[in-house]
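One structure is given below, encoded as structure tokens.
The values are calculated or read from the model by the stated rules, or taken from the named source; none is laboratory data. These numbers come from a predicted model, not from an experiment. Note that each Cβ is placed from the backbone with ideal geometry, even for glycine, and that neighbours are counted across all protein chains shown.
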Amino acid sequence: MLEPILFLLLGLALLVWSADRLVFGAAALARNFGISPLIIGMTILAMGSSAPEMMVSATAALDGKTDTAVGNVLGSNIANIALILGATALIKPLAISSGILKREMPLMLVVTFIAGAILWDNYLGFSEGLLLVGLFALFILAMIYISKKESRGGADPLEAEHDAEIPQGVKNPIATFWMVLGLIILPFSADLLVSNAVIIAKFYGMSDLVIGLTIIAIGTSLPELAASLAGVMKGEDDMAVGNIIGSNVFNILAVMGIPGLLHPSTISHLAMHRDFYVMLALSFVLVLMSIEKKPKISRLEGVLLLCCFVAYQIYLFYNVSA
């Protein structure tokens, strides 16, 4: 059992590294072509943090593991709010000042309800996958429109934070090299991760859904964790929260849409009747935190979020076959 665990960790490390290189190259190219930092941040940087989930979801779907792909979406969104924002707020309370984020949060809640409507019949079909991917394209266009509007209306705090994160002075050939290398290694590392996760899951009697909710979900959320921790250490609170909101929306629309297109099938009823409600409750909590008079996530709230995550993982641990 040691060998598949080592290969899983190797796949995870390569997945995170290749996603980072892909985003680095794409963001540098976009800057070189004169695209505004806010648009790059709201699209390329945000999508990049969900690149591991997208690739793992596609790999799992092609292997006929739709439960794993859906579990990855639900588990990643739960980890994003409860684990990542909880841990980040524990280090430093997060103030939310960006007008863009305050508008994005209700949208995240709407998208979460859409996920519930799709999972309600315990079946993820081709037409539903097509709908999700179509909504994802509309969301990207909406983000570009909002970014342009905010840029014309005056600097949003998020714009300066995105500008600081985008690579500068990277020549096009170098940026292209990193982007292509990331694209090549991503599918290989995702296959390595999924195939060894399945071996471990079978050995310990874990269901496809639980392996997606735990090992794979936490692993593919590492880019968001790294980005949020780095952001808060630099005082970029809006960036830290924005990464989570963008990732959660992308996970539902793009990552959950992929298995619907590649392998439509029945999914475990627990995905809807257990894990979806955990994701929905945490999404509500995040929105409530954002509508306070002075929106912020305090250390106490961070501790509560972390406790929710630990309790949820303990529950899954004692129900590994469900």
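Worth a mention:
- Taken together, the residues in the stretch 186-203 that are buried (at least 19 other Cβ atoms within 10 Å of the Cβ) and more than 30 Å from Phe24 (Cβ to Cβ) amount to 2.
- Among the conditions (1) in a helix (DSSP H, G or I); (2) modelled with pLDDT under 85, Gly34 misses just one, which is (1).
- A Cβ distance below 8 Å, combined with a sequence gap of six or more or placement on separate chains, defines the contacts here; from the stretch 245-268, residues that are farther than 14 Å from Lys65 by Cβ and surrounded by fewer than 24 Cβ atoms within 10 Å (Cβ to Cβ) reach residues that are polar (S, T, N, Q) and at pLDDT below 90 in the pairs Ala254/Ser50.
- Scanning the stretch 269-322 for residues that are over 18 Å from the mean Cα position of the chain (by Cα), under 19 Å from Ile245 (Cβ atoms), of a type outside the set (A, V, I, L, M) and surrounded by 13 or more Cβ atoms within 10 Å (Cβ to Cβ) returns Ser290, Pro295, Lys296, Ser298, Glu301, Gly302, Cys308.
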